[in-house]
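For reference, the structure is listed below as structure tokens.
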Amino acid sequence: MPHLDIYILCHNRPEDALRAIRSVLAQSDNDFTLTLSDNSSNDEVQNMVQAEFPDLHYVRRVPMLSALEHFNRCITESDGAYFCLFHDDDLMGVDFVKEVKLAIASYPQAIAIGCNAHIETQGSLQPGTSFRSSSRYEYIRSARDLASRYFARYQSGIAPFPGYVYQKMGVGAIRFHSDEGKYSDVAWLLRLREQGPMVWISRPLITYRLHGENDGLTESRRDRLRFLAFLKKHRSSLGENLLKDYRCSFVYKPIAKSPLNTSETRLKIAQRFLRHYRFTRHTRLDTYMALVRRARVKWAQQK
């Protein structure tokens, strides 16, 4: 079986990192290499690792890198056939490595393997999972299919970014771009899907934690507009309908919901777009295809 490198990317959260490390070490399949990549501004994580895990491979990033530079450095340094960029504030299920290897055996050409997740928000475990599926694996048919699962209407959810495992040869020279802001992880995944197949494991294999110390619960208008520019640049492959869905949910709807913080001209433009969008959405075939798919998944899960 191809070798797997797991990186836990750490930043100033020693208690969270302790839990994440323990969850990785508890794997039912221990055939992997673990690296603790510490991009902290203080010595707290380093002191914790020295006290609790002195035999693990530990790397301190000095000088400290930006978050995206940290991702790129780990990708470059990985020498395994596959690698995972796991986060220090998430938890890995006991069968993560085992199930990922089974998926690789079933889809050896896949450039990336994602997985389902339990969601914990501000310390409370949420009902359901990150995405819904009626089959063991979800095959992501194209970059447009992947983008639709993030931004189109009536979708069944996504595989969270920390749970992905990547094929090093397939990734090649592809890296995160510093000018893509908060959605740089989505842009990275879209570029990868343009290069090769992508598969999601429907079984929840991680706990994805949203809390006050990460940016999973926050975003800015600037982030949305930067990603809108990315979608415009790739509209030929991602499609005009996806661009409209994104504009609705992430640009114009937030503007319409906050009239006190918006100029009259922008508010009128947003309201005019939303009226037209709501009408045309009901004439699109992909709207009904998504609704049928959701109903089919719900029916299969209730059987």
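Which entries of K98/K232; K101/K232; K98/K233; K101/K244; K182/K244; K168/K253 show an alpha-carbon separation above 31 angstrom in the structure shown?
K98/K232; K101/K232; K98/K233; K101/K244; K168/K253
Using a cut-off of under 16 Å, list every residue of segment 174-194 whose amide N is near the label point 7 Å from the Cα of R222 along the Cα-to-beta-carbon line.
Answer for segment 174-194: 178-184.
Assuming 0.36 nm per residue, please report the length gained on full extension of the stretch K182 to T121 beyond their Cα-Cα distance.
20.1 nm
By its C-alpha gyration tensor, with a ≥ b ≥ c as the square roots of the eigenvalues, how is segment 71-121 shaped: rounded for a/c under 1.5, else prolate for a/b larger than b/c, else oblate?
It comes out oblate by the Cα gyration axes.
Kirkwood Rh over Cα pairs of segment 221-302 into Stokes-Einstein at 4 °C, 1.567 mPa s: D in µm²/s?
On the way: Rh = 14.4 Å.
For the chosen part, D equals 90 µm²/s.
Among DSSP beta bridges lying fully in the chain, give the percent that are antiparallel, nearest 5. Walk me through the intermediate numbers first.
Numbers: 14 of 40 bridges.
Antiparallel bridges: around 35 percent, rounded to the nearest 5.
If the cut-off is a Cα-Cα distance under 19 Å, which aspartates and glutamates reach K257, setting aside same-chain residues fewer than 8 apart in sequence?
The qualifying aspartates and glutamates are E219, D223, D245.
Show me, for segment 234-243, the HN-Hα J-couplings you get by feeding each phi into the Karplus relation (A = 6.51, B = -1.76, C = 1.60, θ = phi - 60°), rounded to Hz, glycine and proline as x.
After applying 6.51 cos²θ - 1.76 cosθ + 1.60, I find 10, 5, 5, 9, 8, x, 5, 5, 5, 4 Hz.
Which one, L285, C10, A26, is farthest towards the positive end of the dipole of the chain when Lys and Arg carry +1 and Asp and Glu -1 on their Cβ?
The residue sitting most towards the positive pole is L285.
In degrees from 0 to 90, rounded to the nearest 10, what is the angle of the helix 96-106 Cα long axis to the longest principal axis of the chain?
The angle comes out near 70 degrees.
For a footprinting-style exposure proxy, rank K233, K101 by other Cβ within 10 Å, fewest first.
K233, K101
What does the charge count around R73 come to, taking other residues whose C-beta lies under 14 Å from its C-beta (Lys +1, Arg +1, Asp -1, Glu -1)? Write down the numbers at each step before the final one.
Details: positive: R60, R61, R175; negative: D5, D38, E69, E77, D79.
Charge balance near R73 sits at -2.
How big is the chain by Rg and Dmax over its Cα atoms, in Å?
Rg then Dmax for the chain, in Å: 20.2, 62.
Rule-based calculations on the coordinates, nothing more; no lab input. Computed from a prediction, not measured in an experiment: that's the story for all the values here. Every residue, glycine among them, receives a Cβ derived from its backbone with ideal geometry; neighbour counts consider all protein chains shown.
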